[in-house]
Amino acid sequence: RGADQRMQDNVFPVLFNSSRYADRMPIGDEHTLETFRPATLRAFYNQWYRPDLMAVVAVGDFDKVRVEKLIRANFGQIPRATRPAVRTIYPVPPHKETLVAIATDKEATGSQVEVYYLRPVQIVSTVAGQRRAFIEDLYDEMLNARLRELTQTADPPFIGASSGLGRLVRSSSVYVLSAAVRENGVERGLETLFTEAERVSRNGFTATELERAKANMLRSFESAYNERDKTNSNAYVSEYVQNFLQKQPMPGITREYELAKRLVPGIKLTEVNALPAALMGKGNSVIVVEQPDKEGVHVPTKDALLAIAASVKQMDIPAYKDVVASATLLPSLPRAGTIVEEKKTPAINLTEWKLSNGARVLLRPTDFKQDEVLFRAYGPGGTSLASDKDFESAQFSDVLVSLGGVGQFSAIELQKALAGRNVGVGPFVGDLDQGLNGEGSPRDLETMMQLAYLYFTAPRKDTTSFQSLMTRYRQALANRSADPNAAFQDTLQVTLAQHNVRSRPITVPLLDEVDLGKAIGFYRDRFADASSFTFVFVGSFSPDSLRPLVEKYLAALPSSNSKQTWRDTGIRPPAGIVDKAVHKGVEPKAETLLLFNGDFNYVPDERRALNAVSDVLEIMLRERLREDLGGTYGANVSANFSKLPYPHYSFAIDFGSNPTRVAELTKATFATIDSLKANGPTADVLQKVKETQRRQYETSLKQNGFWASSITVRDQTGEDQTNILRNVENVDKITADVVRDAARKYLPDDAYVKISLLPEKS
């Protein structure tokens, strides 16, 4: 529990209008968990866990005849209920007037206002129903685009806002307008939401907006259709479950794509513009406000909020003007370069090109997905090359470029220009490197290349987007310190970096150090020399199809052969044992983190061994802390390692608990570690870990994301790329002795950081 849950307790009785849902949430309550009798639990199970209310879903690579037999054998023996209790679907009573719920909390980190419009559940069971669903989706996309535009003004009315339709509870659907707003900005945010909804209601959308929304929708369906034979099993499971629980249709992507191609082009602007009357008709509306309980923060009254809704109806609201840039992405093509050298690694189907400007390109075609190409670009340097004085400006440089746009296009204009194309490219500036991440359809590869070229050569310095970002950041951070988890994470961050100036938690005063000119200047400097960059492409393409595009755009990037690299800034974790407690929050809950850090021999055998320790220990701690002691819902264990800027590792153990049991559970955790170091894992636990790792590796080898990441990391660390293929066979090298010895090496008794989050002292 926390601020959100406490405010929810005040909001739900109003939102659900005194229905059963107002005070009977499915998760139950603390009193019931502490006082129920076993007989009550068994009675509930016998009453509701019965065959006529159940379905079994199985999706995957298996013999369906065998699996059906297993299902029948295991579930078919459950007897049918002789006197089944009737399951009641509880309604949310309608109401004509607009209801208002206002909730505040001392630990709330931000202010939010929402307008709920409750509506009957509509099951899409006909073609006409599907057409209406398309209209609603188009409406949402267009209104959300307008709301995004408003967030990027110099003085935005909200930090972020959205429009969406969905299921509220089993008996009720809902249309929601919501906005995260600044302190004392609830009234302005609510007025803007009402104004934009009213603008659409009176003046409608424009033809160009609808054209873009249709293009995006059809492209999305086309992409899903192209991947129909590569769809993840989980997607099918989710669809089948929703069909069983909520009667949602499941015609399949082939039928859905056919319907989209047939119905979407014929949807008229007048049909979309008529939707507000249906979505936001009279009655069944609820205004919800949640904000910090803090001195200086004004709490609006119910009457004031209702007055805003009424006043907007009387406003003169002009129609929206859709500003669309008419220029092409690149007004003129750059002078092309050439591929001067080619190498191949047949074992993993990897091709390497050396370009005339010194850049490198690594390509791995795959057939895992038909409509996906992943793109990475990276060069050494990152924020490590910024001075301490300019560090914050450098750290914000990638975000400011993303929000500023490229070439002749602002970020908003760029999004409009890319309508109907399945492509996206964005910059990043990390601690030790900088580059681009992108993905898209094979047919949009030239657009991807053009965007990459622009992010290197033509980032925009946009004062408006800078002012907007800083305003939104200041508001988002205004109450961050009230969050107990923020205090916990901040303490961890500065402790691990020993209070290095580059590890300061983000705060409002820190934003004053961000200078737009310095940020854009740093970005341009880091992307000025393409000779230090490597470009990685993985996905559905052939090298021959990429060759002319690489020469036209990537080989044309400017270079100076400056041979810059990253700099070790000297940040290191503390030595010995560090034990800290953070007292923050009023709820009787605690969070405990144990973190082991140190030097690491960055070779495959050691990485594999430390990962095995992580997986083994998570099972052992779950059995001990949860099953045996009943002290936590679960313990999370993770291992991380890096070769740069120096070979090191970190090993984290994290669990939540009652504050009174922190010492007991911490002691049990160390005892479990000692047991692992003394005896190694049991054969059963080790076998579970090896089977899981083997399956994860087998699955990963068929995923573009895994290959893109693995190629990138191995290239940056100078490791043999063909080691990727040895992951599965190397699992067999994991023995109990290997795990035991790694635990002894990397989980020392005399060097770790322990931080506990505890409630405030009374």
Listed by chain and number, the residues whose amide H is under 5 Å from that of Ser173, excluding neighbours fewer than 5 places away on the same chain and using placed H, are Arg119, Val121, Leu168
Within the under-15-Å Cβ sphere about Leu355, not counting Leu355, Lys/Arg +1 and Asp/Glu -1 give a net charge of +1
From most to least accessible, 1.4 Å probe, no ligand or DNA/RNA atoms counted, Tyr90, Tyr320 line up as Tyr90, Tyr320
Any residue on another chain or 5+ positions along whose placed amide H is under 5 Å from the amide H of Trp566 is listed here as Gly381
Label model pair Thr35, Thr463: point-to-point distance (7 angstrom along the Cα→beta-carbon line) in nm is 6.5
Long-range share for segment 475-618, i.e. C-alpha pairs more than 21 Å apart as a percent of all pairs, stands at 71
Measure of exposure for Val174: accessible area at 1.4 Å probe, Å² rounded to 10, is 10
antiparallel share of DSSP beta bridges within segment 395-540, to nearest 5, in %, is 100
Among Lys294/Lys461; Lys247/Lys268; Lys580/Lys643; Lys247/Lys321; Lys106/Lys389; Lys294/Lys321, the pairs whose Cα-Cα distance exceeds 32 Å are Lys294/Lys461; Lys247/Lys321; Lys106/Lys389; Lys294/Lys321
Using alpha carbon centers only, segment 340-403 is separated from segment 574-616 by a whole-angstrom value of 31
accessible surface per residue for segment 262-339, probe 1.4 Å, DNA/RNA/ligands not counted, whole Å² -> 58
The percentage of the accessible area of the chain (probe 1.4 Å, all protein chains present) made up of carbon and sulfur atoms, to the nearest whole number, is 50
Here the averaged projected area of segment 584-676, based on the convex hull of its alpha-carbon atoms and given in nm², is 6.8
One point scatterer per Cα, no solvent, Debye formula: log10 I(q)/I(0) for the chain at q = 0.10 Å⁻¹ comes out as -1.52
For segment 521-593, the Debye formula with one identical point scatterer on each Cα and no solvent gives log10 I(q)/I(0) at q = 0.11, 0.14, 0.21, 0.22 Å⁻¹ as -0.64, -0.72, -1.08, -1.13
For segment 291-448 the translational diffusion coefficient, Stokes-Einstein from a Kirkwood Rh over Cα pairs at 25 °C and viscosity 0.890 mPa s, in µm²/s, is roughly 118
Partner lysines whose C-alpha sits under 16 Å from that of Lys589, ignoring same-chain residues fewer than 8 away, are Lys761
Within segment 242-267, the residues whose backbone N lies under 19 Å from a label point placed 7 Å from the Cα of Ile123 along the Cα-to-Cβ direction are 242-252
For Asp529, Asp628, the accessible-area ranking with a 1.4 Å probe, largest leading, is Asp628, Asp529
The rounded separation in angstrom of the Cα centers of segment 265-320 and segment 190-261 is 24
Within the under-13-Å Cβ sphere about Asp568, not counting Asp568, Lys/Arg +1 and Asp/Glu -1 give a net charge of +3
If unit charges are put on Cβ atoms (+1 for Lys and Arg, -1 for Asp and Glu) and the dipole of the chain is taken about its Cα centre, the option from Trp566, Gln696, Pro759 lying farthest towards the positive end turns out to be Gln696
Expressed in µm² per second, the diffusion coefficient of segment 77-183 from the Stokes-Einstein equation, with Rh the Kirkwood radius over alpha carbon pairs, at 20 °C and 1.002 mPa s, is 123
For segment 262-326, the percent of all C-alpha pairs falling in each 5 Å bin, from 0 up to the bin holding the max distance, is 3, 9, 11, 16, 17, 13, 12, 9, 6, 3, 1, 0
Over segment 375-491, with neighbouring protein chains present, the accessible area per residue in Å² at probe 1.4 Å is 34
Ranked output for segments 37-44, 572-579, 518-525 by mean other Cβ atoms within 10 Å, highest leading, reads 518-525, 572-579, 37-44
Quick tally, 1.4 Å probe accessible area for Arg72, Arg504, Arg335, sorted with the most first, runs Arg335, Arg72, Arg504
Here the convex hull volume per residue of segment 306-378, taken over Cα atoms and given in Å³, is 261
Asserting the computed 222 nm helical MRE of the chain (DSSP H runs at least 4 long, -39500 (n - 2.57) per run, divided by residue count, to nearest 500) equals -13000 deg cm²/dmol
Of the convex hull drawn through the C-alpha atoms of segment 648-762, the volume per residue in Å³ is 172
Residues whose modelled amide H sits under 5 Å from the amide H of Asp293, counting only those 5 or more places away in sequence or on another chain, are Asp105, Lys106, Glu107, Ala108
Here the percent of antiparallel bridges among DSSP beta bridges lying wholly in the chain, to the nearest 5, is 80
Taking the alpha-carbon centre of each part, the distance from segment 649-714 to segment 29-101 in Å is 33
Extend 7 Å from the Cα of Asn46 along its Cα-to-C-beta direction; within segment 67-82, residues with backbone N under 13 Å of that point are 81-82
Applied in sequence order to segment 575-591, the curve 6.51 cos²θ - 1.76 cosθ + 1.60 (Karplus, θ = phi - 60°) yields integer Hz couplings, x standing for Gly and Pro, of 8, x, 9, 10, 10, 10, 10, 10, 9, 7, x, 9, 6, x, 9, 9, 10
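The values are calculated or read from the model by the stated rules, or taken from the named source; none is laboratory data. What you are looking at is a predicted structure, and each value in this text was computed from that prediction instead of being measured. In this analysis, Cβ positions are derived from the backbone assuming ideal geometry, glycine residues included, and neighbour counts consider all displayed protein chains. We work out accessible area using only protein heavy atoms, side chains counted, and drop any ligands, DNA or RNA first. Shrake-Rupley method; radii C 1.70, N 1.55, O 1.52, S 1.80 Å.
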